[in-house]
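Read through the structure below, which is laid out as C-alpha cells, and then see the notes.
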Amino acid sequence: MMGNSGSNRYRFWLGSGAALMSAVAFSSNVVLSRLAYDFGTNLHALNLIRAAVFLGCLLVAVWLSGSSVSIKRNELYRCLALGVLLCAEMYLLLASVLFIPVAMAILVFYTYPIMIALWAWRTGRHHLSYLGLSVMALAFIGLIITLAGSDTLSVGWEGRYGIALAFVSGICLATILLLSERVLETQSAKIMMLYMLFSATAVVGFVSLFVAELTWPASLPGWSALSGSAVLYVVATLLLFKAVDLVGSLQTAIIDNTSPVWAMILGVIVLGQWLNIQQVIGASVTIAAVMLLQWITRPKT
C-alpha cells in the first residue's frame, strides 16, 4: 500500500510538472508565433512547419526507441480522428485572432478546462468537490481580471465570429484530451501522437498545396521565430499528452489553464508588453487558485 501511495504521488507531481512546462512552452510558442507573423509568415506556413517538424520528431523518436507501430484498427481510427481534431484546433485558434484580439481569443480558448471538469464531474469519471469547482472558477475569474486589464479587449458584434472560432477550438482540445485517455490505456503516447500527426499533416499538406497560399519570413530573425515556434509547439504538445498519461485530462487542464498568464509574462520579456496593476492582480489570483487546486486534488496518503 505504501509503495502504491508513493508511486501515485510521484506520478501526480511528475505529471503536474509536465503540464506546467507544457503551459510555459505553449505560451512561448504563441509569443514566437506573433514574432513570425510580424516577419511575414502566415497561418498556413506556420501550421505546415509545425506539423512537419512534429511528425519528423515523432518518427525519429519511434525509430530510436524501437517501438512497434502496430495498432488495432479501431484505435487507428481514433488516433486519425484525434489528428483531424488537432488540426482543427490549430487552425481555429489562430484564425480567431483575425477577428478578435489575441488576449480575448486566449481567454475564450482556455475555457476548455472548465468543459473537461464539468464533463468529468457530470459523468462521474472524476470526483470534484464543490470547493474544487469554486477554486477552479476563481482561477478563471483571475484570468478574466488579467485579460480585462487590457484596453484592447473591447469586442463589438464583428467579433462574434472570432469568439465562436476560439470557443470551438477549445471544444476541440477538450475532446482531444478526453478521448486520448481511452487510447492511452492501450497505446503509448508516442504511437498515439504519431498516427495523430499522420492525419493532421495530411490535412495541413492538402490545404497548403491546393487551397491556401504560403508566405514565409523575409529575414533570419523571422525564420528563427518560425523555427522556435514550431519546436516549442512540439515540446508543449508532447508534454501535454505525457501529463494526460500520468495524471489524467482534468488535472492536466487545471494546470494548463495558467498558460495565458505565462504568455503575458513572456510578452513583457520578449515583446515589451508590460502588465498593469490589474493584470498583475489577476495573474496572482489565477496562480494562487491553481496552487490551491493542486493541494486539494493531490493524492492522499
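Just so you know, all these numbers are worked out from the coordinates, no wet-lab data involved. Treat the numbers as computed from the prediction; the structure is a model and nothing was measured. Ideal geometry is used to build each Cβ from the backbone, glycine not excepted, and the neighbour counts take in all protein chains shown.
Annotation for the range 15-77 versus the range 186-245: alpha-carbon center distance of 4 Å. Note on the chain: dipole from Cβ charges, positive end direction compared against SER7, VAL62, SER22; the farthest Cα belongs to SER7. With a ≥ b ≥ c taken as the square roots of the eigenvalues of the C-alpha gyration tensor of the range 2-296, please select rounded if a/c is under 1.5 and otherwise prolate if a/b is larger than b/c or oblate if it is not? Cα axes put the range 2-296 in the oblate bin.
Ellipticity at 222 nm from helices only: DSSP H runs of n ≥ 4 in the chain, each -39500 (n - 2.57), divided by the residue count, give -27000 deg cm²/dmol.
Among the trypsin sites (Lys or Arg not before Pro) within the range 20-76, those in coil by DSSP and having at most 12 neighbouring Cβ atoms inside 10 Å are LYS72.
Report relative contact order for the chain in percent, whole number only (criteria: Cα-Cα under 8 Å, sequence separation at least 6). Result for the chain is 45 percent.
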